[in-house]
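S.K.: The structure under discussion is supplied below as structure tokens; questions concerning it will follow.
The values are calculated or read from the model by the stated rules, or taken from the named source; none is laboratory data. On a predicted model such as this, the values are computed, not experimentally measured, just so you know. Because the Cβ atoms are built from the backbone with ideal geometry, glycine has one as well, and the counts that use them run over all protein chains shown. Accessible surface areas use protein heavy atoms only, side chains included; no ligands, DNA or RNA. Shrake-Rupley method; radii C 1.70, N 1.55, O 1.52, S 1.80 Å.
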Amino acid sequence: MSKKVLLTSVCRPIGPRQGDAPSVGYELLYSQVTRAQGLFSPRTVNVHYSLEYIAANLDSPTVVLQYPSKHELIQELKKGYDYVGVSFLLAVMHKMKETVALIRQYAPNSKIVLGGYGTVLKDEELKPYGDYFCRGEGVAFFRDLLGEPELPMPYTQPLLVSWLKVFGQKVSATGQIFAGLGCPNGCDFCCTSHFFKRQHIRLLPEGKDIYGVVERYLDMDPNLVLLIIDEDFLLNKKRAMEFRDCVMKAGKTLSIFAFSSIKAISQYTVEEILEMGIDGFWIGYEGTRSGYAKQQGRPVEEILTEFREHGITVLTSMIVGFDYQTPEVVAQELAGLMKLKPALAQFLIYGPVPGTPFHQRVIKENLWQDVYAHNTELLYRRADGFATTIKHPILSAEQIEELQRWCFREDFQRLGPSIFRTVEAWLLGYRKLKDSPNRFLRQKARFYAKELRASYPVFLAGRLLGPNAAIRRWIGQLERGVQAELGSPTLAERLKSVLGVGAALWTGLTLKLGLFQHPKLIRTSYRMPARRWAGADLWEELCRKAAFPDLSIQVERQHANQQVMMRLEGRLSTSESERLGQRIRESLARSKARLVLDLNKLHWNNIGDLGPLREKLGAYRSRIRLILPKLTVAHPEVVMLASVFQLYEG
């Protein structure tokens, strides 16, 4: 009998208002990167992607909870689970302890599995709170724990989409692609690199595997932005160039954000990077004298300038608190970075994470600040990159922390809100690429133009509410530059601009009062359908029981958004169309799922072959969207289908 598994994050609410460390929260951007930008900060909730990934690749019935309240967790625990996994970071270890206490009270027979980067701690520190500790690659760990057979890579990739909001309004959706774990660069402070023992685990071994996931996301929504989760994606040139070949062969314009180093990026031309679809990077700037191997290659000034000119936005990360740094050195390094005008910038304090060489050095040289030397609970609680926990040869802890705050303030005051810095990069890229002899780069210019046009409604708020007079003037100049290229705003766009000011002011008020700052529970079930997902087994049975000699049926259940993607490939006769339509109708009747029906590779012999399919499904037209062949729009039956059902546009 299969074991039941529950995977969960720690319980909400979390954050500084709850007594947590300054950057603890649900959002990487607002809580950490754009923390000084207030109402101008882009907002997106970052879930524990690893939990969904593990759940999607088990055979056992599994439920995932993202940020449950204590009450919601208790209600779930009462349903009975054999294993409960808790994902946590060091900075929320105290929240992990609270979560574990609830598990032991309400599910005393459940075995507790601790996972996430919090498990960098040794077993003896974790034993009071867990029965098992998941370190390294989680799918293999859990399958072994549950007695399930080993799976070859690549694993199944769950399709997880997050929304980016500006002034509380959704502006883009992002699909996460899990391409790899770990990093071989081995920077002395890097938890990620040393947690995986400086090994790179390729979850998607080849470029074609990565593009296969891209295609699944584009089928789901052709307008998605894509995030490739891999610590140094471009380091493996063979895989990256194979991915580029797949992108160019398909001919689609992609928008991809990736993580990479100067060392890895230096292997490519900017044209090759754009041809991959990459138009955003997270790059470690660290410090001018930090001397990490990943910083070797082309000068960082050259790369960041070239990227910006081609419309590639860059998020740079700088470290404060290196041994060589003084206030003057930090000011010089910041000035050098500000000249490069990154779209976003992060500033973290040099800190020792257990398991890293820097941590070993701190212990060997007895460098802990006195307040942390014998208080590990306080040490872990402040392990978020915003507290100085060690003795510096020159600076006091207060000086380092104030320098960090100063860097964030100066970044905002000198360069302005990141949303407008991104728009400026798009404008430069559009001007650079619009007349390029390379058709892929011309396509990218058209993509930039579309994004620029969509940005029209934010300019008024920027001109009125920007952080200082110089930035407000710059935003006005940027607006005029964009309109010079793409035309004046329409009446509707002018109205949206006025509404945008109201939305910005409301955003500022909610931030000041701490209103609506916590996400709702996200609950996803795998292989144990809840009542509202009843009948979902019919979709899988359809593949097994609806056997047609010349037709392949592929079904993908997208749990997170209660949607089913069905692809039909091959030939379909009139009688088969009727049988298939009846099967699909039964599944729709017994569930609340939405259906995306991909007919792009479907062939039929006679005009009337698809008639029965249309008739059987007509009653559910509001829940069905179609993907139709591009070259057969004039076919009478296709015209009929398009008139009855919505086409899938994402």
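S.K.: What list of ³J(HN,Hα) values in whole Hz, one per residue of segment 13-27 in order, does the Karplus curve 6.51 cos²θ - 1.76 cosθ + 1.60 (θ = phi - 60°) give from phi, with Gly and Pro shown as x?
M.R.: x, 10, x, x, 5, 9, x, 7, 5, x, 9, 6, x, 9, 10
S.K.: Hey, any idea what % of the chain's accessible area is carbon plus sulfur with a 1.4 Å probe?
M.R.: Ligands and nucleic acids excluded, carbon and sulfur give 53 percent.
S.K.: On to the next question. Evaluate E = 1/(1 + (r/R0)^6) for Glu272 and Arg453, where r is the Cβ-Cβ distance and R0 equals 22 Å; express this FRET efficiency to the nearest 0.05.
M.R.: 0.20
S.K.: Ignoring everything but the protein chains, give the 1.4 Å probe accessible area of Phe195 in square angstrom, nearest 10.
M.R.: 30
S.K.: In the neighborhood of Thr156, defined by Cβ-to-Cβ distances under 13 Å, what is the net charge if each Lys or Arg adds +1 and each Asp or Glu adds -1?
M.R.: Working: positive: Arg143, Arg216, Arg527, Arg557; negative: Glu52, Asp59, Asp209, Glu556.
That sum, taken over residues with Cβ under 13 Å, equals 0.
S.K.: If you don't mind, another one. Based on alpha-carbon atoms only, what is the radius of gyration of segment 348-474 relative to the globular estimate 2.2 N^0.38 Å?
M.R.: Ratio of Cα Rg to 2.2 N^0.38 Å: 1.62.
S.K.: Taking the Cα atoms of segment 452-531, what is the range of coordinates along each of the three principal axes, in descending order and whole Å?
M.R.: 55, 31, 20
S.K.: Keeping all protein chains in place, calculate the accessible area per residue for the chain (probe 1.4 angstrom), answer in Å².
M.R.: I get 44 Å² per residue for this part.
S.K.: Could you check the simple spin-label distance between Glu98 and Lys339, using points 7 Å along Cα→Cβ, in nm with one decimal?
M.R.: My value for the distance between the label points is 4.7 nm.
S.K.: Same structure again: Work out the count of Lys pairs in segment 379-500 where the Cα-Cα distance is under 19 Å, with the pair 8 or more places apart or on different chains.
M.R.: The number of close lysine pairs in segment 379-500 is 5.
S.K.: Consider just the alpha-carbon atoms of the chain and return their Rg together with their Dmax, both in angstrom.
M.R.: When restricted to Cα atoms, the chain yields Rg and Dmax of 26.0, 82 Å.
S.K.: Compute the length gained on full extension between Ala373 and Glu586: take 0.36 nm times their separation in residues and subtract their Cα-Cα distance, giving the result in nm to one decimal.
M.R.: Details: separation 213, 0.36 × 213 = 76.68 nm, distance 6.48 nm.
Using 0.36 nm per residue and subtracting the Cα-Cα distance, I get 70.2 nm.
S.K.: Around Gly500, what is the net charge, scoring Lys/Arg as +1 and Asp/Glu as -1 over all other residues with Cβ under 13 Å from its Cβ?
M.R.: Net local charge, Gly500 excluded: +2.
S.K.: Which number do you get for Rg(Cα) / (2.2 N^0.38 Å) in segment 121-203?
M.R.: Normalised Rg, Cα atoms only: 1.45.
S.K.: Please give the charge dipole size of the chain, origin at the Cα centre, charges +1 on K and R Cβ atoms and -1 on D and E Cβ atoms. Round to the nearest 20 debye.
M.R.: The calculated dipole for the chain is roughly 1640 debye.
S.K.: What net charge do the residues around Glu569 carry, taking every other residue with its C-beta under 14 Å from that of Glu569, with Lys and Arg at +1 and Asp and Glu at -1?
M.R.: -3
S.K.: Can you give the FRET efficiency to the nearest 0.05 for Gln360 and Asp123, using r as the Cβ-Cβ distance and R₀ = 22 Å?
M.R.: Once rounded, the FRET efficiency stands at 0.80.
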